[in-house]
Amino acid sequence: MIPVDTDPYPIHKANEQELKEAISVRIRVFVDIQNFMLENEIDEYDKAALHLVVVDASQDNKVIGTLRVYESESSLKIGRVVILPEHQGKGLGKKLMMTVEQHIARSPKFGQYTHVKLGS
């Protein structure tokens, strides 16, 4: 028998619907819980950024975490890293960061970046 990938929390590039869910996750955590200003949460970088999402396979692939990465001059910026509170403590933030690091390293543009910055 061939083993099936049974990762309960897969990570992948967000599709259009998942991006909407990811922004809702960010608003819930950064605005509703941490009291950041809503007008500062959504910005011009969201359109150009690569958004990765963590989904919960047991809940119809509901988005439970996200981050974004985008080019900024000669660097890449990783930011808006967030996992819903009820899913924290499971290593998902670490897994998300490892996934984006692998994605960056595989990028054909990798050699042109002088550094990677980590934001909120």
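Would you call Y45 without any contact (Cβ under 8 Å) to a residue 40 or more places away in the chain and open to solvent by less than 40 Å² (accessible area, probe 1.4 Å)?
Working: without any contact (Cβ under 8 Å) to a residue 40 or more places away in the chain: yes; open to solvent by less than 40 Å² (accessible area, probe 1.4 Å): no.
Criteria not met by Y45.
Does K77 count as open to solvent by 50 Å² or more (accessible area, probe 1.4 Å), at pLDDT below 95 and either of a type in the set (K, R) or touching a Phe, Trp or Tyr at 6+ places or on another chain (Cβ under 8 Å) (or both)? Taking the combined requirement at face value, the residue satisfies it.
Filtered by the rule that a residue be in a loop (DSSP other than H, G, I, E, B), open to solvent by less than 90 Å² (accessible area, probe 1.4 Å) and farther than 13 Å from V69 by Cα, the range 3-23 gives D7, P8, Y9, P10, N15.
Condition (residue is in a helix (DSSP H, G or I), open to solvent by 20 Å² or more (accessible area, probe 1.4 Å) and not aliphatic (A, V, I, L, M)) applied to the range 80-88: is it met by at least one residue?
Yes - at least one qualifying residue is present in the range 80-88.
I'd like to know if the range 59-68 contains one or more residues that are within 19 Å of Q88 (Cα to Cα), open to solvent by 70 Å² or more (accessible area, probe 1.4 Å) and assigned to a helix (DSSP H, G or I). Yes, there is a match, as at least one residue in the range 59-68 is within 19 Å of Q88 (Cα to Cα), open to solvent by 70 Å² or more (accessible area, probe 1.4 Å) and assigned to a helix (DSSP H, G or I). A Cβ distance below 8 Å, combined with a sequence gap of six or more or placement on separate chains, defines the contacts here; from the range 7-35, residues that are among the aromatic types (F, W, Y) reach residues that are part of a loop (DSSP other than H, G, I, E, B) in the pairs Y9/K90; F30/F36; F30/S120.
Would you say K117 is touching a residue at least 60 places away in the same chain (Cβ under 8 Å), among the basic types (K, R) and open to solvent by 70 Å² or more (accessible area, probe 1.4 Å)?
On the way: touching a residue at least 60 places away in the same chain (Cβ under 8 Å): no; among the basic types (K, R): yes; open to solvent by 70 Å² or more (accessible area, probe 1.4 Å): yes.
Against the criterion (touching a residue at least 60 places away in the same chain (Cβ under 8 Å), among the basic types (K, R) and open to solvent by 70 Å² or more (accessible area, probe 1.4 Å)), K117 does not qualify.
Restricting attention to the range 24-42, the residues that are surrounded by fewer than 12 Cβ atoms within 10 Å (Cβ to Cβ) and not in a helix (DSSP H, G or I) total 3.
The values are calculated or read from the model by the stated rules, or taken from the named source; none is laboratory data. What you see is a predicted model, and the numbers here were worked out from it, not measured in a lab. Methodologically, a virtual Cβ is constructed for each residue, glycine included, from the backbone with ideal geometry; neighbour enumeration extends over all protein chains shown. Remember, those area values only see protein heavy atoms, side chains included, never the ligands or the DNA or RNA. Shrake-Rupley method; radii C 1.70, N 1.55, O 1.52, S 1.80 Å.
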